[in-house]
1. State all residues of the range 107-131 that are farther than 14 Å from LYS76 by Cβ and touching a Leu at 6+ places or on another chain (Cβ under 9 Å); if no residue qualifies, say none.
2. Restricting the search to the range 66-107, which residues are surrounded by fewer than 13 Cβ atoms within 10 Å (Cβ to Cβ) and of a type in the set (A, V, I, L, M, F, W, C)?
3. Go through the range 129-183 and give me each residue that's exposed (fewer than 11 other Cβ atoms within 10 Å of the Cβ), outside any helix (DSSP H, G or I) and modelled with pLDDT of 80 or more.
4. Is there any pair with a first residue in the range 44-58 that is surrounded by 14 or more Cβ atoms within 10 Å (Cβ to Cβ) and a second that is β-branched (Val, Ile, Thr) whose Cβ atoms are under 6 Å apart and which are 6 or more apart or on different chains, and what are they?
5. Would you point out the residue of the range 1-41, among those that are touching a residue at least 12 places away in the same chain (Cβ under 8 Å) and among the hydroxyl-bearing types (Ser, Thr, Tyr), that is farthest from ALA89 (Cα to Cα)?
6. Among the numbered criteria (1) part of a loop (DSSP other than H, G, I, E, B); (2) touching an Asp or Glu at 6+ places or on another chain (Cβ under 9 Å); (3) over 25 Å from HIS128 (Cβ atoms), which single criterion is violated by LYS5?
7. Being over 45 Å from the mean Cα position of the chain (by Cα), among the hydroxyl-bearing types (Ser, Thr, Tyr) and exposed (fewer than 15 other Cβ atoms within 10 Å of the Cβ) narrows it down to one of SER33, SER20, so name that one.
Amino acid sequence: MAKAKTNTEIIRDSVQHIFSREQIHTLAAAHFSAETIAAHASGIIVLDKDGNELDPTPDAELILVSGLFHTFQEWKKDGMSVKKGEKAAFSCQLWRWTDKPNAAARKAAEEAGEEVNPDPHFYKTLSHLFFIDQVERRPEKAAPAKLNTVGYNKYLSACRKAGNKNPLSLAAWSAEQVKAPAQPTDPAAVVLAAVEHHEVNNPVELPAPAKKPAGKKKAATKAPAKKATKPAPVPAPVPAAEPDFAALAASILF
């Protein structure tokens, strides 16, 4: 029993059947350098029916060009998408993998009242292939903007306090914030924001504080010096009179 061909071999046979050798050579020269083609050819040996070695370059070009055809799903895995208006270059039967049971197995299980078991297997299906010139890289989708739910809740609270019964939706409020971003009211905050967003090698010089206009200086007046006052002289102590012992003795005796 002959071995089944792989998808790569099926695509290669389809390309060889659909395109002429000259067309394959043109496609190979447009997408590969001569060095790349020669490197692939060096690993290929082609013999005729008599065993004579032939030029392997056409076979190398066929292998390289065949690798530039893929299905829509394969291009998508590589981050590519088919250009608008492009149609498949050709179609062929390719192998596909599935673990779903076929219709006969599902019907038999249903008639027997049994659960359908998985049936992993390959099967052939018609596949449409696109050439590399028919696809382009998909643009990266921008990440969705993060909604400021905290700010929106504050907005709703302010609406309730103000008696506003028709506040904006979250999406509408977010759009308004993008159109008119809030500006800091504190002058110091404005200067700080400018400093933080400026390049390091060109720092912002903060403005110097405004100086008051210079006026005429008043002559300083010195307080009159106080005259030193001498302390009042302390009166000398009066000596106490000495007692009269003779008079005192006479008064006692007589």
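The values are calculated or read from the model by the stated rules, or taken from the named source; none is laboratory data. Small disclaimer: the values here were computed from a predicted structure and weren't measured. Here Cβ is always computed from backbone atoms with ideal geometry, including for glycine, and neighbour counts include all displayed protein chains.
1. LYS124, THR125, LEU126, PHE131
2. The answer is TRP97, ALA103, ALA104.
3. The answer is ARG137, PRO139, GLY163, ASN166, SER169.
4. PRO56/ILE44; PRO56/VAL46
5. Taking the candidates together, the pick is THR36.
6. For LYS5, the failing item is (3).
7. Only one candidate qualifies: SER20.
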